[in-house]
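Each remark here refers to the structure printed beneath this line.
The values are calculated or read from the model by the stated rules, or taken from the named source; none is laboratory data. Values in this document were obtained by computation on a predicted structure and should not be read as measured data. FYI the Cβ positions are ideal-geometry reconstructions off the backbone, even for glycines, and counts take in every protein chain you see. Just so you know, the surface numbers come from the protein's heavy atoms only, side chains and all, with ligands and any DNA or RNA stripped out. Shrake-Rupley method; radii C 1.70, N 1.55, O 1.52, S 1.80 Å.
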Amino acid sequence: NPPRSKRPVVKKDGSLNNVNIEQQVLQSNPILESFGNARTVRNDNSSRFGKFIEIKFNKSGTLIGASIETYLLEKVRLISQSEGERNYHVFYEMLMGMNDEEIDQFLLTDYTAEDFKMTSCSGTFDRRDGVQDVDTYVELRDALEVMGFSPEQQSDLFSIASAVLHLSNLSINSIKGGEESEIDYENPHLEPILQLLGVTKKNLNQALCYFKIEARGQSYTRAVQKEKAEKGVEALIKATYSAMFDYIVRSINASITVKKTATSKPGAGGRALTDKGNAVIGVLDIFGFESFKVNSFEQLCINYCNEALQQQFNLFVLKNEQDEYEREGIKWSFISFPDNQDVLDLIWKKGFGILNILDDQCRAPGTTDKTFA
């Protein structure tokens, strides 16, 4: 890879903003891929979130807009990845693609992907498909310009991504015989976190190492032990990155969505009908079904979603069509397909489905992993 001093500085003069809607719809993809895709065992550019895209055309067939809805961002990937997998592309793109000025601005000087826990835990740093993170970073910055992200908005996005990297290296110390904890004030990543997120040491320590109980109108503050505080750091990483991803999607939609009119149906939300006569094509892009050595709760939800969608596909594309053929007396060869209702019942059937039992366990007092099992 070229040294940072040789890497191009992305233009910030707004000259890329005069583009048509087709270019904007296309340029939303590099942004979503950088922040929502990752290398997995099977795919070097795997989408780790589900999305539904509506592409809208006018009566003459001209593209007039689009809208994107996203589902189930795989937040657990931010904390750990299996062997041979990576975290989200954007972290590696930043560390490899930023020029010296940007590296200094986002407090990443002298750091590589090997220096952060969240990008090094799997021992995998590159892509097998030959795509270079340096190149995709330039594409990302260009795409942000095309989509109308201001320099300030772009700076905020990369500040948050950099803060998340530093948060993964934040350490917690046990105090008072292990009964309480506090953030490690000597940790070299603490100051970058404070600067990038705009918080104080005191407030960060209070948020991670203490919790508040409210009872009978009174509020009590209690300290947490080191293990729970570390889980709090992981939760902060997930919540912060997820909120940023949602903001990115909302900003993209603000640029490419057709404005609702008086003919839109009330309550239709993000899928309101456009003016009469306009056509809409809907594309559902979901996760691939995965089975890892260690499967997270998120992966169970993803796989359940896939099973439900597969049943829906079987019902409407195969079963209903074949029923129609029978009613019309059309000669055809029956297409057999597996019925996965037993899998759906195992996970969600009322009374004894895995998720229903888990829901009941969460509501009952004194329950543990053992009582759930």
**Asked** Would a scan of region 95-117 turn up a residue that is of a type in the set (S, T, N, Q) and within 15 Å of the chain's Cα centre (by Cα)?
**Response** no
**Request:** Only one of these is more than 21 Å from T240 (Cα to Cα) and β-branched (V, I, T): I53, I79. Name it.
**Result:** I53
**Matching option when the condition is over 26 Å from S168 (Cα atoms) and of a type in the set (S, T, Y), among T109, T62, T119, T136** = T62
**Message:** Which pairs turn up if I take residues in region 171-193 that are of a type in the set (K, R) and look for partners that are modelled with pLDDT of 95 or more and open to solvent by 20 Å² or more (accessible area, probe 1.4 Å) with beta carbon separation below 9 Å, at least 6 apart in sequence or on another chain?
**Reply:** K176/A223
**Asked** Of all residues in region 41-55, which are part of a strand (DSSP E or B) and farther than 15 Å from F289 by Cβ?
**Response** K51, F52, I53, E54, I55
**Item:** Matching residues in region 84-98 - criterion: being outside any helix (DSSP H, G or I) and open to solvent by less than 10 Å² (accessible area, probe 1.4 Å)
**Value:** E85, R86, N87, Y88, M98
**Message:** I'm checking my understanding of the structure. Among residues of region 220-240 that are assigned to a helix (DSSP H, G or I) and farther than 18 Å from L165 by Cα, which one is least open to solvent (accessible area, probe 1.4 Å)?
**Reply:** K226
**Message:** Take G61 and tell me if it is assigned to a strand (DSSP E or B) and open to solvent by less than 60 Å² (accessible area, probe 1.4 Å).
**Reply:** no
